[in-house]
Amino acid sequence: MATRTPNDRLRDVVAESALTYEAVAKAVRSVAAECGTTLRTNKSAVDHWVQGAKPHSDTARYLAVALSRRLGRVLTPADLGLAAPDADGHDSIGLNLGGDPLDSLIPMWRAELDRRRFLTTSAYSVAAAALPLAHIRDMAERTAAARTGSHVIGMAEVHAVRDMVAMFSDMDERHGGKHGRSALVTYLRDDVAPLCRGRFRSDEVRRQLLSAASRGVHLLGWKSYDAGQQGLAQRYYLQSYGLAVESGLPGHDGFVMRTMAMQGLKLHRPEHCQGLAETGLGRAKGRVDAQTEALFRVVHAHTLAKAGLRSAALAEVGHARTLLEQGTERGDEVPFWGLAWGPPDASVFSRTAKVFETLGDHRAAAAEYLRAASARPAGTYARIVALDLVAGAEIHLKRGRIEEACATWGQAMDHMDGVRSVRTRKAVKAMRADLAPFRARGLRCTAELDERAADFLATA
């Protein structure tokens, strides 16, 4: 029988965490659950790992994330003496900042197209969420990558990239995150990345091209988010941030920080959300148009509400509304990257609803969700309109308005046909669970809606 070599690296990190083996096992199970995996890890398994046993590669990654969260820094299985063989030593790709973002993105795209699981099953990293807070100016001071080749890139190429990213974004909103994802990866890898390393007609062209590339990578993060792959989404957001910083366009880097704050809020990982939202707002305030600044302020309001700062949150909501009205009246032009989720007013209404919901004002929240859904062209933004209506229906149910909830859920499902989205499927499953007690009472509207939901889940 072969003798195991104790894993001193893992032993030392666990000791540094001050967690018991039972607490470590619980943390590993929690991270795995976030990734859709059920584990039965217990304190005996942790002891075996410290004694030299090798956990499954996915479990090793969950362990690394659990200990990263505890210690506040990014750890990989290799740091724990548990290198994952199927990750080719790249567990940390995308979880860092400082070099050329393309050096992280190219291996990520290769892994995604090869269907490598170590990225799609990666977990959200609390430690990595703090990275932008410490890297505000670092990459902006770097020069662009070496410019080679005979072709000089001008604004025509920038407009072409923007048009392609806008097309992929429209498809994403109409048909869900799974639609066109591989095509977007291929386009960014084969067409956009070489442009980013090309020769530019002017520094302004370079800035605009890097910003457009950042928007494309941001969309990949959004597609991953929609597919329930939160760890991969976070890595794409980090690299989108890196490209935005390198572009130097006012406010774009802060906009990605805003997105990262939104992701943390959604995942109930608030550790750095307020810092991300505040810093992102600071990067944009006074440097962008009023409507775009409203987008920053309403997310900041949500983080304040989550922190229990009710008065400050409501004041920030009011500020966002004022800015939105001012920008609309003046006809301010919103930058390309600021239109990631469509019309700014709809995004402000939707996030305002979340602020009111967090503060317990369900009546106001339901009204804002409906307002958000009505503010978007339904044909273009089918998925997000559906999800805003779902959120509104859930609020109606909390208020005891079952028939109103069913009618709103029905409207939401009207927009879901043809949408390939993990989030819409989860929303429909949650709806069936919420309606179960009412179906038992024989309410007709709930029975009809449940039948429609069952058909949707069977065919979606």
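The values are calculated or read from the model by the stated rules, or taken from the named source; none is laboratory data. All values reported here derive from a predicted model rather than from experimental measurement. No Cβ is skipped: glycine too gets one built from the backbone with ideal geometry, and neighbour counts run over all protein chains shown.
Does GLY410 qualify as being over 23 Å from the mean Cα position of the chain (by Cα), in the same structural domain as GLU451 (by TED's automatic domain parsing) and not hydrophobic (A, V, I, L, M, F, W, C)?
For GLY410, the condition - over 23 Å from the mean Cα position of the chain (by Cα), in the same structural domain as GLU451 (by TED's automatic domain parsing) and not hydrophobic (A, V, I, L, M, F, W, C) - is met.
Listed residues ALA436, ALA373, ALA453; which is surrounded by fewer than 17 Cβ atoms within 10 Å (Cβ to Cβ), in contact with a helix residue (DSSP H, G or I) (Cβ under 9 Å, 6 or more places away or on another chain) and part of a helix (DSSP H, G or I)?
Being surrounded by fewer than 17 Cβ atoms within 10 Å (Cβ to Cβ), in contact with a helix residue (DSSP H, G or I) (Cβ under 9 Å, 6 or more places away or on another chain) and part of a helix (DSSP H, G or I) holds for just one of ALA436, ALA373, ALA453, which is ALA436.
Do any residues in the stretch 161-183 that are at pLDDT below 90 have Cβ atoms under 6 Å from those of residues that are of a type in the set (S, T, N, Q) and surrounded by 18 or more Cβ atoms within 10 Å (Cβ to Cβ), where the two are at least six apart or on different chains, and which pairs are they?
Between residues of the stretch 161-183 that are at pLDDT below 90 and residues that are of a type in the set (S, T, N, Q) and surrounded by 18 or more Cβ atoms within 10 Å (Cβ to Cβ), the close pairs are GLY176/SER421; GLY177/SER421.
Residue-by-condition table, conditions (1) assigned by TED's automatic domain parsing to the domain that holds GLU173; (2) at positive phi; (3) without any contact (Cβ under 8 Å) to a residue 60 or more places away in the chain:
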residue: GLY360; (1), (2), (3): no, yes, yes
residue: ARG363; (1), (2), (3): no, no, yes
residue: ALA366; (1), (2), (3): no, no, yes
residue: ALA382; (1), (2), (3): no, no, no
residue: ALA386; (1), (2), (3): no, no, yes
residue: VAL390; (1), (2), (3): no, no, yes
residue: HIS396; (1), (2), (3): no, no, yes
residue: CYS406; (1), (2), (3): no, no, yes
residue: ASP414; (1), (2), (3): no, no, yes
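Identify, from the list GLY400, GLY392, GLY379, the residue that is assigned to a helix (DSSP H, G or I) and small (Gly, Ala, Ser).
Step by step, each of GLY400, GLY392, GLY379 is checked, and only GLY392 is assigned to a helix (DSSP H, G or I) and small (Gly, Ala, Ser).
How many residues are under 21 Å from SER68 (Cβ atoms) and either in contact with a Lys or Arg (Cβ under 6 Å, 6 or more places away or on another chain) or at pLDDT below 65 (or both) if we restrict to the stretch 131-155?
1
Of (1) under 26 Å from SER311 (Cβ atoms); (2) buried (at least 20 other Cβ atoms within 10 Å of the Cβ); (3) assigned by TED's automatic domain parsing to the domain that holds ALA458; (4) not aliphatic (A, V, I, L, M), THR424 satisfies all except one. Which?
(1)
For the stretch 330-338, state whether one or more residues are in contact with a helix residue (DSSP H, G or I) (Cβ under 9 Å, 6 or more places away or on another chain) and without any contact (Cβ under 8 Å) to a residue 12 or more places away in the chain.
no
Any residue that is under 18 Å from the mean Cα position of the chain (by Cα), at pLDDT below 75 and crowded, with 20+ Cβ neighbours inside 10 Å - is there at least one of those in the stretch 119-130?
yes
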